[in-house]
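Input: a single structure, listed below in structure tokens.
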Amino acid sequence: MKIRWLGHASFYLTTPAGVRVVTDPYGPDVSPAAQEVEADLVTVSHEHWDHNYLKGVKGDPVILRGLTSEGEGWNEVDTTFKDVHAYTVPTYHDEVQGEKRGKNAVFVLEIGDLRLAHLGDLGHLPDAEQCRKIGQPDILMVPVGGYFTIDAGEAWQIVESLRPRLVLPMHYLTPGMRGFPIAGVDEFTSGRANVRHLGRSEVEVDKAGLPAETEVWVLSLGEGAFRL
């Protein structure tokens, strides 16, 4: 399958069956890097404006929302769309059970023999039961910028708990972002030996080609594909 980082917490996945999946779409009010894409399936971790910009998604996609329309409760997503099985794990946007920023849903996507976990705007360390529900992902998409979400240190604690083979950092400061007091990716990667800066926005992966030990791949905004 192919994974392209669109910026912020948004990824564009193309499955072996050709299903186009977009996670947490955002718009130009967040960053000039925002793109319009066409999709078959969209996941929305929570109902904040920088994660639910559906105007930028073309076509007639199925929308999977992690929260209810008002954002006050969780939707229990557990569904299959062609070769994508998606389910949610209820979490919070902060460390005080949503009192500051509300609720958040982790989306787990099972595509063929790959398990991907997109943590959305997770704001706390998941407990043992939440980790059990997420399972051990092959690919973990984790926020690292802090302030609105977990920070770099907390992100590493989650990596150590979930033990993914591939980590894709997201939700960190990139050039042109407007009014986001969050850290850059270097806060997460500095001093770590298992980090690859690919200089590309897209990778093509399969189970056999994933690293044997956990690696962090930092994707860049822009065109181009990096093949294993």
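The values are calculated or read from the model by the stated rules, or taken from the named source; none is laboratory data. As the structure is a prediction and not an experimental result, all values here were calculated from the model. Here the Cβ positions follow ideal geometry from the backbone for every residue, glycine too, while neighbour counts run over all protein chains shown. These accessible areas exclude ligands, DNA and RNA; they are computed on the full protein's heavy atoms, side chains included. Shrake-Rupley method; radii C 1.70, N 1.55, O 1.52, S 1.80 Å.
Condition check ((1) open to solvent by 80 Å² or more (accessible area, probe 1.4 Å); (2) under 17 Å from Arg132 (Cα atoms); (3) of a type in the set (Gly, Ala, Ser)) across all residues:
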position	(1), (2), (3)
Thr68	no, no, no
Gly73	no, no, yes
Asp78	yes, yes, no
Phe81	no, no, no
Tyr92	no, yes, no
Val96	no, no, no
Lys100	yes, no, no
Lys103	no, no, no
Leu109	no, yes, no
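Do we find that Trp5 is surrounded by fewer than 21 Cβ atoms within 10 Å (Cβ to Cβ) and either more than 21 Å from Gly135 (Cβ to Cβ) or not polar (S, T, N, Q) (or both) in this structure?
Considered against the rule, which asks whether it is surrounded by fewer than 21 Cβ atoms within 10 Å (Cβ to Cβ) and either more than 21 Å from Gly135 (Cβ to Cβ) or not polar (S, T, N, Q) (or both), Trp5 comes out as no.
Quick one: would you say Asp113 is within 30 Å of Ala17 (Cβ to Cβ) and in contact with a strand residue (DSSP E or B) (Cβ under 6 Å, 6 or more places away or on another chain)? Explain how you work it out, then say what you get.
Details: within 30 Å of Ala17 (Cβ to Cβ): yes; in contact with a strand residue (DSSP E or B) (Cβ under 6 Å, 6 or more places away or on another chain): no.
No; evaluated as a whole, the condition is false for this residue.
Could you count how many residues in region 77-101 are in contact with a strand residue (DSSP E or B) (Cβ under 8 Å, 6 or more places away or on another chain) and modelled with pLDDT of 95 or more?
Qualifying residue count for the region: 16.
Each row is one residue, and each column tells you yes or no for (1) touching a residue at least 24 places away in the same chain (Cβ under 8 Å); (2) out of contact with any Asp or Glu (no Cβ under 8 Å at 6 or more places or on another chain); (3) of a type in the set (Ser, Thr, Tyr).
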residue: Ala155; (1), (2), (3): yes, yes, no
residue: Ile158; (1), (2), (3): yes, yes, no
residue: Thr174; (1), (2), (3): yes, yes, yes
residue: Ile182; (1), (2), (3): yes, yes, no
residue: Ser201; (1), (2), (3): yes, no, yes
residue: Glu215; (1), (2), (3): yes, yes, no
residue: Leu221; (1), (2), (3): yes, yes, no
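Does Gly120 satisfy the criteria of being on the phi > 0 side of the Ramachandran plot, surrounded by fewer than 18 Cβ atoms within 10 Å (Cβ to Cβ) and at pLDDT 95 or above?
no
Test each condition in (1) open to solvent by 30 Å² or more (accessible area, probe 1.4 Å); (2) at pLDDT below 95; (3) over 23 Å from Leu219 (Cα atoms) for Val62 and report the one that comes out false.
Condition (2) is where Val62 drops out.
Mind checking which pairs have a first residue in region 118-137 that is over 10 Å from Ile158 (Cα atoms) and a second that is open to solvent by 30 Å² or more (accessible area, probe 1.4 Å) and among the aromatic types (Phe, Trp, Tyr), Cβ under 6 Å, 6 or more apart or different chains?
Every condition considered, the pairs that remain are Gly123/Tyr92.
Inspect all residues belonging to region 156-173 and state whether any of them is out of contact with any helix residue (DSSP H, G or I) (no Cβ under 9 Å at 6 or more places or on another chain), open to solvent by 10 Å² or more (accessible area, probe 1.4 Å) and hydroxyl-bearing (Ser, Thr, Tyr).
no
Within region 53-109, how many residues are of a type in the set (Asp, Glu), without any contact (Cβ under 8 Å) to a residue 24 or more places away in the chain and in a loop (DSSP other than H, G, I, E, B)?
Selection size over region 53-109: 4.
Would you confirm whether any residue within region 60-68 is farther than 19 Å from Tyr26 by Cβ and basic (Lys, Arg)?
Scanning region 60-68, I find no residue that is farther than 19 Å from Tyr26 by Cβ and basic (Lys, Arg), so the answer is no.
Going by the structure shown, is Trp49 out of contact with any Lys or Arg (no Cβ under 7 Å at 6 or more places or on another chain), within 19 Å of Gly102 (Cα to Cα), open to solvent by 50 Å² or more (accessible area, probe 1.4 Å) and of a type in the set (A, V, I, L, M, F, W, C)?
Considered against the rule, which asks whether it is out of contact with any Lys or Arg (no Cβ under 7 Å at 6 or more places or on another chain), within 19 Å of Gly102 (Cα to Cα), open to solvent by 50 Å² or more (accessible area, probe 1.4 Å) and of a type in the set (A, V, I, L, M, F, W, C), Trp49 comes out as yes.
Which residues, counting only those in region 135-179, are charged (D, E, K, R) and either in a loop (DSSP other than H, G, I, E, B) or over 20 Å from Asp94 (Cβ atoms) (or both)?
Asp138, Asp151, Glu160, Arg163, Arg165, Arg178, listed by residue number.
So which of Ala39, Ala17 is crowded, with 20+ Cβ neighbours inside 10 Å and farther than 25 Å from Asp94 by Cβ?
Checking each option against the conditions leaves just Ala39.
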